[in-house]
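This report refers to the structure that appears directly beneath it.
The values are calculated or read from the model by the stated rules, or taken from the named source; none is laboratory data. As the structure is a computational prediction, the values presented were derived from the model and not from experiment. Neighbour counts are summed over all protein chains in view; Cβ atoms, including those assigned to glycine, are modelled from backbone coordinates with ideal geometry. Protein only, heavy atoms only, side chains kept; ligands, DNA and RNA dropped before computing areas. Shrake-Rupley method; radii C 1.70, N 1.55, O 1.52, S 1.80 Å.
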There are 2 protein chains.
Amino acid sequence: MDRNIRRMAAFFADATCRLRPHFKAHKTPAIARRQLVAGSCSGLTCATVSEAEIAAEVCDDILIANEVVDPNKCARVAALARRVRMTVAVDSIEGLEAVGRAAATAGATVGVVVDVNVGQMRCGVSPGGDVLRLARRVAATGGVELRGVMGYEGHVVSVPSRAEREAQGRAAMEGLVDSARMLRADGLPCELVSAGGTGTYDISGRVPGVTEIQAGSYVLMDTDYGGLDLPFEQAFWVMGTVISRPTATRVVADCGHKSTTKDHGLPRVRGLQGASVTSLNDEHATIAVPPACGLQIGARVFLIPSHTDPTINLHDVFYVLDGETVVDVWRISARGYPEHRGAVDSLLDPS
Amino acid sequence: MDRNIRRMAAFFADATCRLRPHFKAHKTPAIARRQLVAGSCSGLTCATVSEAEIAAEVCDDILIANEVVDPNKCARVAALARRVRMTVAVDSIEGLEAVGRAAATAGATVGVVVDVNVGQMRCGVSPGGDVLRLARRVAATGGVELRGVMGYEGHVVSVPSRAEREAQGRAAMEGLVDSARMLRADGLPCELVSAGGTGTYDISGRVPGVTEIQAGSYVLMDTDYGGLDLPFEQAFWVMGTVISRPTATRVVADCGHKSTTKDHGLPRVRGLQGASVTSLNDEHATIAVPPACGLQIGARVFLIPSHTDPTINLHDVFYVLDGETVVDVWRISARGYPEHRGAVDSLLDPS
């Protein structure tokens, strides 16, 4: 993990672009602190308001790279904006007005980037005129401050071929950078042009005009990104115990998909030649092993997750290894919905 | 939920077989208490030791329907066995000896059922002679007490056709009931013949010789079991908010697969004619809607999860509805790995 953090920081040390590590990947303040200390960062990226509330413990410049429209959530963003520099994405007038109202009520200023659909076909307005129209509206709205544009090329980050990924990545960034140019030509501020992920950090991160990259998975990695030509190492695993060996070629470990998600495919087994996970149930990993495999009942197995973010979201802590020694335990403070945990605590203890 | 609990209890009120509700489905003591109060129960089923530690708050007869072999976990089972009646599954001599050692050390008696592979091809020994051999070994091991056999027909519970499910379910139970008969013929105790799930409760639950059914999902249901001919109603949903409406036929809500798993397929949208989830990312549900759909930015959507257990495991609380009114908040105490949360607390506060 330390090597991954250093490699990514070194890339951005040489670039005009900054890194805004995505907190959603690990939800762990202890890791975010290390990413920020390594340098080359503009702040942190978050996906949710509750992540931002926890990230604000370690960082004073936070982008929620996502639309926030619920009045209660907007009020929480506005409350945060009184303590740290907060920026949120908008892609609609309704969303913009919800943020503006909450900010005005709190006497805060919330930064806004216009979310541009760069081809992922999820949220975001189309590049060009639509971005300009919404940006003008931002500039005319109280409580908010236009800070630029963002566009996540989520449809590109996992493309296996580098040549193809570069071509698609640059094409995606064109509409985003053009939109930024239109804003500036119109006299509007456009400090942030925020984009990218682990699969495109050195593609989008080299496109002139992109000011920051929102990569997250690079810090711990998974089999999905591990299949690409990236200079990052697998740095976290899920440990299980072999609880059953019904046949010479089948063992079952107690780490199922409540510990390691399978939304990007089945996990792999670390360091066991010829072993592969054949099915993953709630609490069981069934593993095919070669007949001569020495894996006995009670042995530990380490799974390499296929998808960083949702796997970590299943856990409350990291056990931190230096070599083979556990040297610390880090709380994954922002896992799940911390605000709801608080809701119960306040009900149980109304004081 | 109350109706589901009542219907299941009514089925078992008329049966010779008992219900042992599976705590892993919801991990929530407030729900387990209601299942037990409804009657017809022999105790609770758990999948993990940490679930059992929390289930023991509300129940004094717990079956961990899974192998436990790690010495620390066996010690925790033995500690529990000093307070409540504990039973665990074994399918190997190594596993049996690990449980026996821990029980002897703690001065406790841990009950044991032999886990029989009834066709799921996961854990378990083959029906017949192998079961008898391991059962004799249990009877000769200190610290443990032979209580019978279990076999989970996990390969049958979701078979869509009832006729096919009945045929396969009865075939699976044959080997289990035969094994129980062999134990008794050998003079061994066999109080428990534990099997079944939500999809087979009224199939395995009617097979003479089966003494209890481990159903869990029936209490809250999902789209997977909802597709079968079962008398249970969908009783939980994941609420999200529409944060983006980029086109007339596409909306995006802030409930992705960190809130609703997709291991049994994409969730459905409740009460919205013609709407369907087309993709589910970490924090986004992209929903195709008819052009005339009135779903606006800020509107609430309710997703029907495809798989009860892992979806609930993502959340810390249930908001409890009576009609449309929130009347309580229940803690999902056993979600994740409660024992690790404790590990951090003790590090942070060594007192």
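Residue check: B:Asp222 meets all listed conditions (1) over 15 Å from B:Ser158 (Cβ atoms); (2) open to solvent by less than 50 Å² (accessible area, probe 1.4 Å) but one, namely (1).
Pairs linking a residue in the stretch B:73-89 that is more than 14 Å from every other protein chain (Cβ to nearest Cβ) and charged (D, E, K, R) to a residue that is in a strand (DSSP E or B) and open to solvent by less than 10 Å² (accessible area, probe 1.4 Å), with Cβ atoms under 8 Å and 6 or more positions apart or on different chains, are B:Arg85/B:Ile62; B:Arg85/B:Gly111. Taking first residues from the stretch A:53-66 that are closer than 15 Å to A:Glu339 by Cβ and partners that are open to solvent by 10 Å² or more (accessible area, probe 1.4 Å) and not in a helix (DSSP H, G or I), the Cβ contacts under 6 Å between residues at least 6 apart in sequence or on separate chains come to A:Ile54/A:Ser333; A:Ala56/A:Val84.
Looking only at the stretch B:216-235, residues that are under 23 Å from B:Lys262 (Cβ atoms) and in a loop (DSSP other than H, G, I, E, B) come to 11 in all.
Counting only helices (runs of 4 or more DSSP H) wholly contained in the stretch B:1-102, the ones carrying 3 or more residues that are out of contact with any Leu (no Cβ under 9 Å at 6 or more places or on another chain) and among the hydrophobic types (A, V, I, L, M, F, W, C) occupy B:2-13, B:71-81. Only residues that are more than 12 Å from chain A (Cβ to nearest Cβ) and not in a helix (DSSP H, G or I): list them for the stretch B:103-118, please. Matches in the stretch B:103-118: B:Gly107, B:Ala108, B:Thr109, B:Val110, B:Gly111, B:Val112, B:Val113, B:Val114, B:Val118.
For the stretch B:176-192, indicate whether the set of residues that are charged (D, E, K, R), in a strand (DSSP E or B) and in contact with a strand residue (DSSP E or B) (Cβ under 8 Å, 6 or more places away or on another chain) is non-empty. There is no residue in the stretch B:176-192 that is charged (D, E, K, R), in a strand (DSSP E or B) and in contact with a strand residue (DSSP E or B) (Cβ under 8 Å, 6 or more places away or on another chain).
Taking the stretch B:240-285 as the range and being more than 10 Å from every other protein chain (Cβ to nearest Cβ), within 23 Å of A:Lys262 (Cβ to Cβ) and in a loop (DSSP other than H, G, I, E, B) as the test, the residues that pass are B:Cys255, B:Thr260, B:His264, B:Leu266, B:Pro267.
Do we find a residue being open to solvent by 30 Å² or more (accessible area, probe 1.4 Å), under 19 Å from A:Arg341 (Cα atoms), in contact with a strand residue (DSSP E or B) (Cβ under 6 Å, 6 or more places away or on another chain) and at pLDDT 95 or above anywhere in the stretch B:245-260? First the steps, then the outcome.
Restricting attention to the stretch B:245-260, the residues satisfying the condition of being open to solvent by 30 Å² or more (accessible area, probe 1.4 Å) are B:245-250, B:254.
From what's left, under 19 Å from A:Arg341 (Cα atoms): B:254.
Right, trim to in contact with a strand residue (DSSP E or B) (Cβ under 6 Å, 6 or more places away or on another chain) and you get B:254.
Subset that is at pLDDT 95 or above: B:254.
Yes, the conditions are met somewhere in the stretch B:245-260.
Residue count for the stretch A:184-202, restricted to those that are in contact with a helix residue (DSSP H, G or I) (Cβ under 6 Å, 6 or more places away or on another chain), surrounded by fewer than 24 Cβ atoms within 10 Å (Cβ to Cβ) and of a type in the set (A, V, I, L, M): 1.
Residue under question is B:Val116, and the condition is that it be closer than 30 Å to A:Leu280 by Cβ and either among the aliphatic types (A, V, I, L, M) or open to solvent by less than 20 Å² (accessible area, probe 1.4 Å) (or both); does it hold?
Numbers: closer than 30 Å to A:Leu280 by Cβ: yes; either among the aliphatic types (A, V, I, L, M) or open to solvent by less than 20 Å² (accessible area, probe 1.4 Å) (or both): yes.
Spelling it out, B:Val116 is indeed closer than 30 Å to A:Leu280 by Cβ and either among the aliphatic types (A, V, I, L, M) or open to solvent by less than 20 Å² (accessible area, probe 1.4 Å) (or both).
Does the stretch B:133-173 hold any residues that are open to solvent by 20 Å² or more (accessible area, probe 1.4 Å) and in a helix (DSSP H, G or I), and which are they? B:Arg133, B:Arg136, B:Arg137, B:Ala139, B:Arg162, B:Ala163, B:Glu164, B:Glu166, B:Ala167, B:Gln168, B:Arg170, B:Ala171, listed by residue number.
Just one of the listed residues (B:Val329, B:Val289, B:Val251, B:Val277) is touching a Pro at 6+ places or on another chain (Cβ under 6 Å) and either in contact (Cβ under 8 Å) with a residue 12 or more places away in the chain or basic (Lys, Arg) (or both), and it is B:Val277. Just one residue in the set B:Glu145, B:Glu164, B:Glu174 is closer than 18 Å to B:Val88 by Cα and among the charged types (D, E, K, R); that residue is B:Glu145.
Considering only residues that are within 14 Å of chain A (Cβ to nearest Cβ) and of a type in the set (Ser, Thr, Tyr), look in the stretch B:24-58 and name the one that is nearest to A:His284 (Cα to Cα). If you could, list the steps in order and put the result at the bottom.
Start the filter on the stretch B:24-58 by keeping residues that are within 14 Å of chain A (Cβ to nearest Cβ), which leaves B:24-30, B:45-52.
Of the ones still in play, those that are also of a type in the set (Ser, Thr, Tyr) are B:28, B:45, B:48, B:50.
Working: B:Thr28: 21, B:Thr45: 16, B:Thr48: 11, B:Ser50: 15 Å.
Per the stated criteria, the residue is B:Thr48.
For the stretch B:318-332, residues that are facing chain A (nearest Cβ under 10 Å) and part of a loop (DSSP other than H, G, I, E, B) total 1.
Candidates are the residues of the stretch A:1-50 that are in contact with a strand residue (DSSP E or B) (Cβ under 8 Å, 6 or more places away or on another chain), more than 23 Å from A:His340 (Cβ to Cβ) and polar (S, T, N, Q); the one that is surrounded by the fewest Cβ atoms within 10 Å (Cβ to Cβ) is A:Ser40.
Residues in the stretch A:59-72 that are surrounded by fewer than 20 Cβ atoms within 10 Å (Cβ to Cβ) and away from every other protein chain (no Cβ under 14 Å) were compared, and the one that is nearest to the chain's Cα centre (by Cα) is A:Asp61.
Inspect all residues belonging to the stretch A:276-291 and state whether any of them is hydrophobic (A, V, I, L, M, F, W, C) and either touching a Cys at 6+ places or on another chain (Cβ under 8 Å) or surrounded by fewer than 19 Cβ atoms within 10 Å (Cβ to Cβ) (or both).
Looking only at the stretch A:276-291, we keep the residues that are hydrophobic (A, V, I, L, M, F, W, C), and these are A:277, A:280, A:285, A:287-289.
So of that shortlist, the ones also either touching a Cys at 6+ places or on another chain (Cβ under 8 Å) or surrounded by fewer than 19 Cβ atoms within 10 Å (Cβ to Cβ) (or both) come out as A:285, A:288.
The answer is yes, given that some residue of the stretch A:276-291 is hydrophobic (A, V, I, L, M, F, W, C) and either touching a Cys at 6+ places or on another chain (Cβ under 8 Å) or surrounded by fewer than 19 Cβ atoms within 10 Å (Cβ to Cβ) (or both).
Is the stretch B:190-206 home to any residue that is among the acidic types (Asp, Glu) and free of Cβ contacts under 8 Å to residues at least 60 places away in the same chain?
Let us first name the residues in the stretch B:190-206 that are among the acidic types (Asp, Glu), namely B:191, B:202.
From what's left, free of Cβ contacts under 8 Å to residues at least 60 places away in the same chain: B:191.
Checked against the condition, which is being among the acidic types (Asp, Glu) and free of Cβ contacts under 8 Å to residues at least 60 places away in the same chain, the stretch B:190-206 yields at least one hit.
Filtering the stretch A:286-317 to residues that are farther than 23 Å from B:Gly256 by Cα and within 10 Å of chain B (Cβ to nearest Cβ) leaves A:Thr286, A:Gln296, A:Ile297, A:Gly298, A:Ala299, A:Arg300. Within the stretch B:300-318, the set of residues being over 17 Å from A:Leu314 (Cα atoms) and either among the polar types (S, T, N, Q) or surrounded by fewer than 16 Cβ atoms within 10 Å (Cβ to Cβ) (or both) comprises B:Arg300, B:Ser306.
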